[in-house]
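Asker: One structure is given below, represented as structure tokens, and several questions about it will come after.
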Amino acid sequence: MTTRRSGLRERKKQATRESLRLAALRLALERGPENVRVDDIADAAGVSPRTYNNYFSSREQAIVAAIIEDREERIAAAVTGRPASVSLSEAVIDAVVEQYTDPSDSARDALLMITTSPGLLNCYADAAGSLAEPLTDAFTEGAIGIDPVAARVLAASVGAAAKIAVREWLQSGAGATQVGDFVVTAGSLPDLIRKALLPLVPALDAATADSGAAAP
């Protein structure tokens, strides 16, 4: 019974977090991020401002989370489902590059908005480090089977590398631009991500070899 209640509470928390981040993004796109208050987001999600503060520390964090959290899960899924012929390091680098440089349809307008708001830009760069948790799970589960401590270290390193690359990209004056019906990331973000992750290649592949597990 305790386990069932714990699982129900966790699902409710996840649902509340999702409602808040989706409400934050919708309001920001409708009104502009500078015209959205925390109280507005909480009201739109049907919770109190106090509850909001249990999940996010600012409106910027909630807005950015609306595209970052889905991206994290897609990166983790791509790593977990990599083909047998693809090394773990290749899968990680390709997944991170793809998700940061090829926005989904739902993320295009949000990315344009983020790159024109200094507050959102800073939060966006910081959020790159949040890859660590879903990647840790991906590294320890199933056929990858890396030691949990090593998995946490490697996942944190990937998150830190992505954060450094995104900050370097933003400081270079690059951003997102719209070309016809497409939104593209301008500048050298793919190269910066690959460069930042390159030092982790030996460690990622060595950890996989040490686990004694074959790729799926």
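The values are calculated or read from the model by the stated rules, or taken from the named source; none is laboratory data. Source: prediction; values computed, not measured. Using ideal geometry, Cβ is built from the backbone for each residue, glycine included, and neighbour counts are taken over all protein chains shown. Surface accessibility is based on the protein's heavy atoms, side chains included, excluding ligands, DNA and RNA. Shrake-Rupley method; radii C 1.70, N 1.55, O 1.52, S 1.80 Å.
Asker: So what does Glu168 come to for accessible area, using a 1.4 Å probe and Å² rounded to 10?
Answerer: Only protein atoms counted, so the area is about 100 Å².
Asker: Also, I was wondering about something else. Going Cα to Cα from Lys163, which lysines come in below 29 Å? Please leave out same-chain ones fewer than 8 positions away.
Answerer: Straight-line reach from Lys163, under 29 Å: Lys13, Lys195.
Asker: Positive end of the dipole of the stretch 50-148, charges at C-beta (+1 Lys, Arg; -1 Asp, Glu), about the Cα centre: which of Thr136, Ala66, Ser89 has its Cα farthest in that direction?
Answerer: Positive-most Cα among the choices belongs to Ala66.
Asker: Hey, can you find the accessible area per residue of the stretch 8-150 for me, probe 1.4 Å, expressed in square angstrom?
Answerer: 47 Å²
Asker: Moving on. Give, in nm to one decimal, the length gained when the segment between Val201 and Asp137 is fully stretched (0.36 nm per residue of separation minus the Cα-Cα distance).
Answerer: Length gained, Val201 through Asp137: 21.2 nm.
Asker: Still on this model: Excluding ligands and nucleic acids, what accessible area in Å² is computed for Thr51 using a 1.4 Å probe, to the nearest 10?
Answerer: Per-residue accessible area (Thr51): approximately 40 Å².
Asker: Can I ask one more? If R0 is 45 Å, what FRET efficiency do you get for Thr51 and Asp147 from their C-beta distance, rounded to 0.05?
Answerer: The formula returns an efficiency of 0.75 here.
Asker: For the pair Asp43/Ala15, report the inter-label distance in nm, with labels modelled 7 Å from Cα in the Cβ direction.
Answerer: 2.4 nm
Asker: Which net charge results when you count Lys and Arg as +1 and Asp and Glu as -1 among the other residues whose beta-carbon is under 15 Å from that of Ala156?
Answerer: Every neighbour counted, the sum reads -3.
Asker: Once fully extended, how much extra length lies between Asn35 and Ala84, figured as 0.36 nm per residue of separation less the alpha-carbon to alpha-carbon distance?
Answerer: 12.8 nm
Asker: If you don't mind, there's one more thing I want to ask. When Lys and Arg each count +1 and Asp and Glu each count -1, what net charge do the other residues less than 14 Å away from Pro83, Cβ to Cβ, add up to?
Answerer: For residues surrounding Pro83, the net value is -1.
Asker: Let me ask something else. Using a cut-off of 13 Å between beta-carbons, work out the net charge of the residues near Met113 (Lys and Arg +1, Asp and Glu -1, Met113 not included).
Answerer: The answer is 0.
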